[in-house]
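In what follows, a single structure is set out as structure tokens and then discussed.
The values are calculated or read from the model by the stated rules, or taken from the named source; none is laboratory data. These numbers were taken from a predicted model, which means no experiment stands behind them. We place every Cβ from the backbone using ideal geometry, glycine too, and count neighbours over all the protein chains shown. Note: areas computed on protein heavy atoms with side chains; ligands, DNA, RNA excluded. Shrake-Rupley method; radii C 1.70, N 1.55, O 1.52, S 1.80 Å.
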Amino acid sequence: MGGMSGIFMIMLGAVLTENFVFTKFLGICPFLGVSEKPASALGMGMAVTFVMALASAVTWLVYYYILTPFGLEYLRIIAFILVIASLVQFIEMFMKKYAPALHQALGIFLPLITTNCAVLGAAILNIDNGYNFIESVVYGTFSAIGFTLAIVIFAGVRERINFANPPAIFKGIPIALVAAGLVAMAFAGFQGIEIK
């Protein structure tokens, strides 16, 4: 896999066939917790996309230029968590000072990103898959776009569920989990896609 076709396959795979929420089951907490309304789901998705793209770049550099030369690869999870938490804090401080309206709109979502396992998962998968720097950034960005797609679609489904009248035992989280399973099954249809 090389060149533009390899990059395109990483993009398509990250969004559809290897969607973090529906196939890797990463980022489920914000997926269920912030998917009540499409607007809040989109805000969370945009914030995750920005952080995951930046974290993919920085963690790749940390791994190959700091950890690997000193034989400290076993510290990658701790190092990646520190990098992600630092990035989120830096972004939050920057937005608070220079983009207060955006900070207020995304305020609740930013601290949640630090604990979103999808961000850490992308950083680890970049290393495990042997991606170079460009491929890592592309994978992180498009994995986050796949996360955004999943959470926004599910927010639309949950809005429709609010107009339905499920049995009392299914109201709330149970019907949300059933709906998430059905959407995940729909995404499983992309598993057979092959790009030649």
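Points worth noting:
- Applying the condition of being of a type in the set (Ser, Thr, Tyr) and open to solvent by 100 Å² or more (accessible area, probe 1.4 Å) to region 65-105 and asking which residue is farthest from LEU120 (Cα to Cα) yields TYR98.
- Scan of region 106-131 for residues that are outside any helix (DSSP H, G or I) and either within 22 Å of PHE25 (Cβ to Cβ) or open to solvent by 30 Å² or more (accessible area, probe 1.4 Å) (or both), ordered by number: ILE108, THR115, ASN116, ASN129, GLY130, TYR131
- So GLY140, is it farther than 19 Å from PHE187 by Cβ and not aromatic (Phe, Trp, Tyr): yes
- Checked against the criterion of being of a type outside the set (Ser, Thr, Tyr) and either within 17 Å of ALA150 (Cα to Cα) or touching a Pro at 6+ places or on another chain (Cβ under 7 Å) (or both), the candidates ALA99, ALA41 yield just one match: ALA41.
- Count - residues of region 1-36 that are open to solvent by 30 Å² or more (accessible area, probe 1.4 Å) and closer than 16 Å to VAL178 by Cα: 7
- Against the test of being open to solvent by 70 Å² or more (accessible area, probe 1.4 Å) and over 19 Å from the mean Cα position of the chain (by Cα), the options ILE134, ILE161, ILE169, ILE175 yield a single qualifying residue, ILE169.
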